[in-house]
1. Of all residues in the stretch 130-159, which are touching a helix residue (DSSP H, G or I) at 6+ places or on another chain (Cβ under 8 Å) and away from the ligand (no atom under 16 Å from the Cβ)?
2. Which of the numbered conditions does residue 278 fail, given that it passes all the others? Conditions: (1) more than 10 Å from the ligand (Cβ to nearest atom); (2) surrounded by 15 or more Cβ atoms within 10 Å (Cβ to Cβ).
3. Quick one: in the stretch 311-332, of everything that is within 18 Å of residue 207 (Cα to Cα) and assigned to a loop (DSSP other than H, G, I, E, B), which residue is nearest to the ligand (Cβ to nearest atom)?
4. Are any of the residues in the stretch 202-217 closer than 26 Å to residue 269 by Cβ, crowded, with 23+ Cβ neighbours inside 10 Å and within 16 Å of the chain's Cα centre (by Cα)?
5. Return a yes/no flag: does the stretch 126-146 have any residue that is under 15 Å from the mean Cα position of the chain (by Cα) and assigned to a loop (DSSP other than H, G, I, E, B).
6. Within the set of pairs 6 or more residues apart or between chains, which connect a residue that is assigned by TED's automatic domain parsing to the domain that holds residue 249 and on the phi > 0 side of the Ramachandran plot inside the stretch 212-236 to a residue that is surrounded by fewer than 24 Cβ atoms within 10 Å (Cβ to Cβ) and modelled with pLDDT of 95 or more with Cβ atoms less than 6 Å apart?
7. Could you tell me whether residue 273 is in contact with a helix residue (DSSP H, G or I) (Cβ under 6 Å, 6 or more places away or on another chain) and farther than 24 Å from residue 212 by Cβ?
8. Can you find a residue that is within 16 Å of the ligand (Cβ to nearest atom), within 16 Å of the chain's Cα centre (by Cα), part of a helix (DSSP H, G or I) and at pLDDT 95 or above anywhere in the stretch 72-85?
Ligand code: NAD
């Protein structure tokens, strides 16, 4: 395993936590959580619109089902690897345990550049993945959701593929979350991760002795998480001075009109050319002046090479694994507060849990119910993590990991050792 991968970083974070828990749990039990329960590679060969079959690789990892069925999104990127999916599944185990939902951790990856596929080919690929992965996907086994490169439309196609193969109009129980509301999805799920990021950021600003309104922010990523986080931060009075995506960044020290940018992006499918800001390099943007930095795109963005130059006093990890362990140490030394991914972006899986229960119980929840419960849970978990960090003189990441890993270890202990 190379030292600079999502898996190496996930392992380093886990090992540090396991060391803190050594007196509390048996060593073999802590070792158990090091490994996933299952790592699978699927070879898909769907026939695309040009009439030719093409081979795609896909991965599914079930890291732990100690607390419940594995939960975790499907990443569709050209560079995703089985090790990445393993790392992300492990992080989902901790995230579900921390936010307090009865799920374990899982993840899927499909090696394809989602943006370059036509909508017909993407649907075909998603349906092919679902057919091949069907023995893994079940309300009691693994329940997927959107991640980078996938969205609610794709989740609708997953549900349709499963119902079609069962010969039913719908499913009994929830096989996939993040679906369109018309197919049993829940209002507010698409916005939930970004909304949770904004709620956690507000709580952290108060913990730092400041307030959200009037602060400045830079957001990396203008997809599902980044665009919603930027919009909601702006709604709460934050001046969003920079926004970047994979193709470059925008900067305006007086504040970007995020709603106008979202409307521009919806039409143009790019940030470039937006009249209300000047173009800047996306990587440079991370180190430009601001109070709050929200990495909400890919992993490994804040590294030992740029951490010392970060000017923000708060980093809110909307993305999974955006900060390497070396960068974490540099930020800690500089006194930068980091809201770790397993807390900061857990709003998505919390609302997925509400979708799961809504479908299981054949109930209907309103957007107001969803947002109220999300706000309460995010605030509650932030306070719990912050309090433990203060008491034990830990970083927020170490405190969040300690609470999460302890819960999974307690579940494993309660389940016993056989078979
Ligand atoms: P998305 O595909 O909707 O958007 C990704 C965005 O990141 C795009 O704007 C893309 O251009 C940008 N991006 C990609 N690589 C970049 C780079 N190197 N530099 C700058 N920008 C880059 O994905 P998403 O669902 O918004 O997910 C973003 C992150 O949040 C991922 O790390 C994902 O694992 C994490 N996350 C997502 C959810 C969710 O509910 N969607 C939940 C928890 C965590």
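1. 130, 131, 134, 137, 139, 157, 159
2. (2) is the only condition that residue 278 fails.
3. Just the residues of the stretch 311-332 that are within 18 Å of residue 207 (Cα to Cα), to begin with: 312-317, 331-332.
Now drop any that are not assigned to a loop (DSSP other than H, G, I, E, B), which leaves 312-313, 317.
Numbers: 312: 16, 313: 22, 317: 9 Å.
Going through the qualifying residues, I end up with 317.
4. Of the residues in the stretch 202-217, the ones closer than 26 Å to residue 269 by Cβ are 217.
Add one more test, that the residue is crowded, with 23+ Cβ neighbours inside 10 Å, and what stays is 217.
Next cut, within 16 Å of the chain's Cα centre (by Cα) only: none.
The answer is no; no qualifying residue exists.
5. From the stretch 126-146, those under 15 Å from the mean Cα position of the chain (by Cα) are 143-146; that's our starting set.
Checking the rest, the ones that are also assigned to a loop (DSSP other than H, G, I, E, B) come to 144-145.
Yes, that holds for at least one residue.
6. 221/297
7. On the way: in contact with a helix residue (DSSP H, G or I) (Cβ under 6 Å, 6 or more places away or on another chain): no; farther than 24 Å from residue 212 by Cβ: yes.
No; evaluated as a whole, the condition is false for this residue.
8. yes
The values are calculated or read from the model by the stated rules, or taken from the named source; none is laboratory data. A quick note: this is a predicted structure, and the numbers were derived from the prediction, not measured. Every residue, glycine as well, gets a Cβ built from its backbone with ideal geometry; the counts of neighbours run over all protein chains shown.
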